[in-house]
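Student: Encoded as structure tokens, here's the structure I'll be asking about.
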Ligand code: AMP
Ligand code: GLY
């Protein structure tokens with residue numbers, strides 16, 4: 001088979017790495033890819049959002065299977081376009097991708113199918129939104145309806161902040177038409193976890209739990225980022241919590257989407273808040289998480305290509321996942337200044353000095369030029385390690401991180417700390 005992976009982050013490098021191990025796969029392409037995918041696959045200079053360009057390339061190159069990493073092409077209808085050409089595409093259709101592409105759509109599905117989530121109201125008028133806010137107590141959360149590159153959520157400590165958020169989204173329109181509507185919702189407390197499943201629209205194959213680290217600095221301080229690290233499994237998701245998530249969240253969502261006439265196929269990712277053992281949905285994503293994909297894929301022992309194809313052709317009931325009974329930890333190394341402004345083009349040194357079978361360095365914002373690797377984005381590398389215990393996975397990851405060096409690099413020193421604090425399970 002010829003496989004094309006769409007995207008160029010750490011998640012896509014991890015997908016390339018995992019899919020390359022399949023005996024079913026002969027050739028693998030990545031659009032646009034990064035310095036890491038260039039070492040194991042063939043990069044194609046087409047942006048993930050250039051859906052027409054991707055379809056044309058897939059047709060010309062006779063690609064058998066396209067696996068889509070990021071949300072933007074899903075929301076542009078890439079899966080539907082590929083299917084029309086008879087090309088297998090892993091990911092939800094444009095209509096089903098609305099679970100991530102529209103917070104209003106997602107919240108309404110949750111309300112209709114009784115899925116636990118923060119109480120909310122939807123507004124398309126800033127004055128009415130502000131009036132509603134004045135009757136509510138802070139903290140409160142304001143979210144732009146549409147895709148906003150992970151920046152459309154404002155967790156507001158004060159009413160003042162929330163009023164400013166409404167102005168940003170609806171008056172200044174800093175996210176464009178993504179801010180035509182907004183959601184105001186109750187602020188939930190607890191511990192977050194990421195819960196990802198494969199689904200063909202009916203059958204669900206859950207992955208093990210994971211946890212992201214969204215803030216840029218240790219102890220969850222500083223601004224939000226795309227994710228500064230992740231680990232799997234996440235001990236906050238106990239067996240009881242896992243069963244509740246499946247029963248109260250995952251199955252009702254999958255059944256609800258089918259009833260709505262947009263059966264969901266692909267990876268459904270529920271971003272959860274867990275309070276006193278009860279899970280609530282913060283958001284749905286319609287794809288693998290980044291960086292969660294890195295530690296998750298490193299723990300899956302069997303071939304995932306049959307699983308991906310099972311999601312596409314409705315035969316997931318015949319597939320399975322075999323989990324490495326180890327812990328995995330991914331530490332993201334970012335460019336100086338990220339998530340604000342940063343410079344690119346610094347040479348990355350020390351990658352060759354990492355000599356540990358339990359470590360793999362996934363690339364995100366990197367490029368390969370004349371055999372050397374240079375920084376080329378905000379999140380640069382995801383150093384991912386396995387270990388028999390969470391502690392040994394953390395030690396393996398940080399030991400490898402200590403060998404890597406580029407100008408201005410920074411990373412969190414406390415990835416996995418929460419799992420460690422809960423006891424080494
Ligand atoms: P999102 O972009 O939807 O993933 O949201 C970004 C982050 O905002 C989440 O990971 C949470 O940390 C936070 N968040 C979103 N919704 C809520 C909520 N209702 N209560 C508390 N925190 C929230
Ligand atoms: N790590 C969060 C996300 O992929 O959206």
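The values are calculated or read from the model by the stated rules, or taken from the named source; none is laboratory data. Because the structure is a prediction, the values reported are computed rather than measured. Here the Cβ positions follow ideal geometry from the backbone for every residue, glycine too, while neighbour counts run over all protein chains shown.
Student: Pick out the one residue from 54, 87 that is touching a residue at least 24 places away in the same chain (Cβ under 8 Å), buried (at least 16 other Cβ atoms within 10 Å of the Cβ), over 25 Å from residue 363 (Cα atoms) and touching a strand residue (DSSP E or B) at 6+ places or on another chain (Cβ under 7 Å).
Tutor: On the way: 54 fails: over 25 Å from residue 363 (Cα atoms).
87 is the lone residue from the list that is touching a residue at least 24 places away in the same chain (Cβ under 8 Å), buried (at least 16 other Cβ atoms within 10 Å of the Cβ), over 25 Å from residue 363 (Cα atoms) and touching a strand residue (DSSP E or B) at 6+ places or on another chain (Cβ under 7 Å).
Student: Within the group 137, 157, which residue is within 22 Å of residue 214 (Cα to Cα), loosely packed, with under 15 Cβ neighbours inside 10 Å and within 16 Å of ligand 1 (Cβ to nearest atom)? Full working, then the answer.
Tutor: Working: 137 fails: within 22 Å of residue 214 (Cα to Cα).
When all the criteria are applied, what remains is 157.
Student: Here's another thing I want to ask about it. Could you check the stretch 237-248 and list, in sequence order, the residues that are away from ligand 2 (no atom under 16 Å from the Cβ) and either within 26 Å of residue 10 (Cβ to Cβ) or not in a helix (DSSP H, G or I) (or both)? If you could, list the steps in order and put the result at the bottom.
Tutor: Looking only at the stretch 237-248, we keep the residues that are away from ligand 2 (no atom under 16 Å from the Cβ), and these are 238-248.
Result: 238, 242, 245.
Student: Kindly provide the set of residues from the stretch 283-302 that are away from ligand 1 (no atom under 16 Å from the Cβ) and not in a helix (DSSP H, G or I), ordered by number. Can you show your working first?
Tutor: Here is the first cut: in the stretch 283-302, the residues away from ligand 1 (no atom under 16 Å from the Cβ) are 294-302.
If the condition is that a residue be away from ligand 1 (no atom under 16 Å from the Cβ) and not in a helix (DSSP H, G or I), then 300, 301, 302 are the ones that fit.
Student: I've got another one for you. Take the conditions in contact with a strand residue (DSSP E or B) (Cβ under 8 Å, 6 or more places away or on another chain), surrounded by fewer than 22 Cβ atoms within 10 Å (Cβ to Cβ), on the phi > 0 side of the Ramachandran plot and modelled with pLDDT of 95 or more and apply them to residue 150. Does it pass? Can you show your working first?
Tutor: Numbers: in contact with a strand residue (DSSP E or B) (Cβ under 8 Å, 6 or more places away or on another chain): yes; surrounded by fewer than 22 Cβ atoms within 10 Å (Cβ to Cβ): yes; on the phi > 0 side of the Ramachandran plot: yes; modelled with pLDDT of 95 or more: no.
Taking the combined requirement at face value, the residue does not satisfy it.
Student: Based on what the data block shows, is residue 120 closer than 27 Å to residue 72 by Cα, more than 10 Å from ligand 1 (Cβ to nearest atom) and in contact with a helix residue (DSSP H, G or I) (Cβ under 6 Å, 6 or more places away or on another chain)?
Tutor: On the way: closer than 27 Å to residue 72 by Cα: yes; more than 10 Å from ligand 1 (Cβ to nearest atom): no; in contact with a helix residue (DSSP H, G or I) (Cβ under 6 Å, 6 or more places away or on another chain): yes.
Spelling it out, it is not the case that residue 120 is closer than 27 Å to residue 72 by Cα, more than 10 Å from ligand 1 (Cβ to nearest atom) and in contact with a helix residue (DSSP H, G or I) (Cβ under 6 Å, 6 or more places away or on another chain).
Student: Across the stretch 378-394, what is the number of residues that are within 21 Å of residue 225 (Cα to Cα) and free of Cβ contacts under 8 Å to residues at least 60 places away in the same chain?
Tutor: Here the count works out to 2.
Student: Given the criteria more than 27 Å from residue 264 (Cβ to Cβ) and in contact with a strand residue (DSSP E or B) (Cβ under 7 Å, 6 or more places away or on another chain), does residue 139 qualify? Break it down into steps so the answer makes sense when it comes.
Tutor: Values: more than 27 Å from residue 264 (Cβ to Cβ): yes; in contact with a strand residue (DSSP E or B) (Cβ under 7 Å, 6 or more places away or on another chain): yes.
Criteria met by residue 139.
Student: Now a separate question. Considering only residues of the stretch 185-215 that are within 15 Å of ligand 1 (Cβ to nearest atom) and over 16 Å from the mean Cα position of the chain (by Cα), which is surrounded by the fewest Cβ atoms within 10 Å (Cβ to Cβ)?
Tutor: Across the stretch 185-215, the extreme among qualifying residues is 189.
Student: For the stretch 404-411, state whether one or more residues are under 27 Å from residue 347 (Cβ atoms), part of a strand (DSSP E or B) and under 23 Å from the mean Cα position of the chain (by Cα).
Tutor: As a first pass, look at the stretch 404-411 and keep what is under 27 Å from residue 347 (Cβ atoms): 404-411.
If we keep only those that are part of a strand (DSSP E or B) too, we end up with 405, 410.
Still in the running and under 23 Å from the mean Cα position of the chain (by Cα): 410.
Yes: the stretch 404-411 contains one or more residues that are under 27 Å from residue 347 (Cβ atoms), part of a strand (DSSP E or B) and under 23 Å from the mean Cα position of the chain (by Cα).
Student: For the condition surrounded by 15 or more Cβ atoms within 10 Å (Cβ to Cβ) and closer than 23 Å to residue 234 by Cα, what is the one hit in 354, 304, 373?
Tutor: On the way: 354 fails: closer than 23 Å to residue 234 by Cα; 373 fails: closer than 23 Å to residue 234 by Cα.
It is 304.
Student: Tell me whether the stretch 69-80 contains one or more residues that are within 30 Å of residue 299 (Cα to Cα), within 22 Å of the chain's Cα centre (by Cα) and part of a loop (DSSP other than H, G, I, E, B). Outline the logic, then answer.
Tutor: Looking only at the stretch 69-80, we keep the residues that are within 30 Å of residue 299 (Cα to Cα), and these are 69-75, 78-79.
Then keep just the ones that are within 22 Å of the chain's Cα centre (by Cα); that gives 69-75, 78-79.
Narrowing the set further to residues that are part of a loop (DSSP other than H, G, I, E, B) leaves 69-70.
Checking the stretch 69-80: at least one residue is within 30 Å of residue 299 (Cα to Cα), within 22 Å of the chain's Cα centre (by Cα) and part of a loop (DSSP other than H, G, I, E, B).
Student: Strands (runs of 3 or more DSSP E) wholly in the stretch 126-227 with at least 1 residues that are within 16 Å of ligand 2 (Cβ to nearest atom) - which ones? Let's see the steps before the verdict.
Tutor: Values: elements: 140-144, 153-156, 182-186, 191-199, 204-206, 215-217, 221-224.
Result: 140-144, 153-156, 191-199, 215-217, 221-224.
Student: Give the residue, chosen from 95, 114, that is in contact (Cβ under 8 Å) with a residue 40 or more places away in the chain, more than 16 Å from ligand 2 (Cβ to nearest atom), part of a loop (DSSP other than H, G, I, E, B) and surrounded by fewer than 16 Cβ atoms within 10 Å (Cβ to Cβ). Give the derivation first.
Tutor: Numbers: 95 fails: surrounded by fewer than 16 Cβ atoms within 10 Å (Cβ to Cβ).
It is 114.
Student: Quickly run through the stretch 45-68 and pick out the residues that are in contact with a helix residue (DSSP H, G or I) (Cβ under 6 Å, 6 or more places away or on another chain) and part of a loop (DSSP other than H, G, I, E, B).
Tutor: Matches in the stretch 45-68: 46, 48, 49.
Yes or no, residue by residue, for (1) touching a helix residue (DSSP H, G or I) at 6+ places or on another chain (Cβ under 7 Å); (2) at pLDDT below 95; (3) over 22 Å from residue 93 (Cα atoms):
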residue	(1), (2), (3)
264	yes, no, no
270	yes, no, no
291	yes, no, yes
299	no, no, yes
306	no, no, no
309	no, no, no
318	yes, no, yes
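Student: Can you confirm whether residue 108 is part of a loop (DSSP other than H, G, I, E, B), over 23 Å from residue 307 (Cβ atoms) and over 17 Å from the mean Cα position of the chain (by Cα)?
Tutor: Judged against the criteria, residue 108 is not a match.
Student: (1) under 27 Å from residue 197 (Cβ atoms); (2) surrounded by fewer than 21 Cβ atoms within 10 Å (Cβ to Cβ); (3) under 21 Å from the mean Cα position of the chain (by Cα): which one isn't true of residue 360, the others all being true?
Tutor: Here residue 360 meets the rest and fails (2).
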